[in-house]
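Inspection log for the structure reproduced underneath, given as structure tokens.
What follows is calculated from the coordinates using simple rules that are stated; it is not laboratory data. Remember, predicted model here, so these are calculated numbers, not experimental data. Note: ideal-geometry Cβ built from the backbone for every residue, glycine included; neighbour counts use all protein chains shown.
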Amino acid sequence: MAAPEFDAELDARGLYCPEPVMMLHNRINDVAPGRILRVIATDPSTTRDIRRFCQFLGHELVNETEQDGEFVYLIRRGE
């Protein structure tokens, strides 16, 4: 299976709430609308926080996976 494609990446491993979402808030602005940002985090609270971030700001959470304590999110930037 091929790895999902993305246009930019944010590595938030080792950071804890609220830092991953604060970094995401800044980094998503570097991605053009409709493009995909990949976020890698180790804080389990991101499973809740990133979903809410996307819902509140109109971005699409395309995919969310967890493996070996790392949470990977693919977020399509909204308009």
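Taking the stretch 27-42, which residues are in a loop (DSSP other than H, G, I, E, B) and in contact with an Asp or Glu (Cβ under 7 Å, 6 or more places away or on another chain)? Lay out the reasoning, then the answer.
Filtering the stretch 27-42 down to residues in a loop (DSSP other than H, G, I, E, B) leaves 31-35, 42.
VAL31, PRO33, ARG35, THR42, listed by residue number.
Suppose we keep only residues that are of a type in the set (Val, Ile, Thr) and without any contact (Cβ under 8 Å) to a residue 40 or more places away in the chain within the stretch 36-61. Which one would you say is farthest from HIS25 (Cα to Cα)? Give the derivation first.
Here is the first cut: in the stretch 36-61, the residues of a type in the set (Val, Ile, Thr) are 36, 39-40, 42, 46-47, 50.
Now narrow it down to the ones that are without any contact (Cβ under 8 Å) to a residue 40 or more places away in the chain: 39-40, 42, 46-47, 50.
Working: VAL39: 11, ILE40: 14, THR42: 17, THR46: 13, THR47: 15, ILE50: 10 Å.
For the stretch 36-61, the residue satisfying everything is THR42.
Among the residues of the stretch 51-71, which ones are in contact with a helix residue (DSSP H, G or I) (Cβ under 7 Å, 6 or more places away or on another chain), of a type outside the set (D, E, K, R) and assigned to a strand (DSSP E or B)?
Selection gives LEU61, PHE71.
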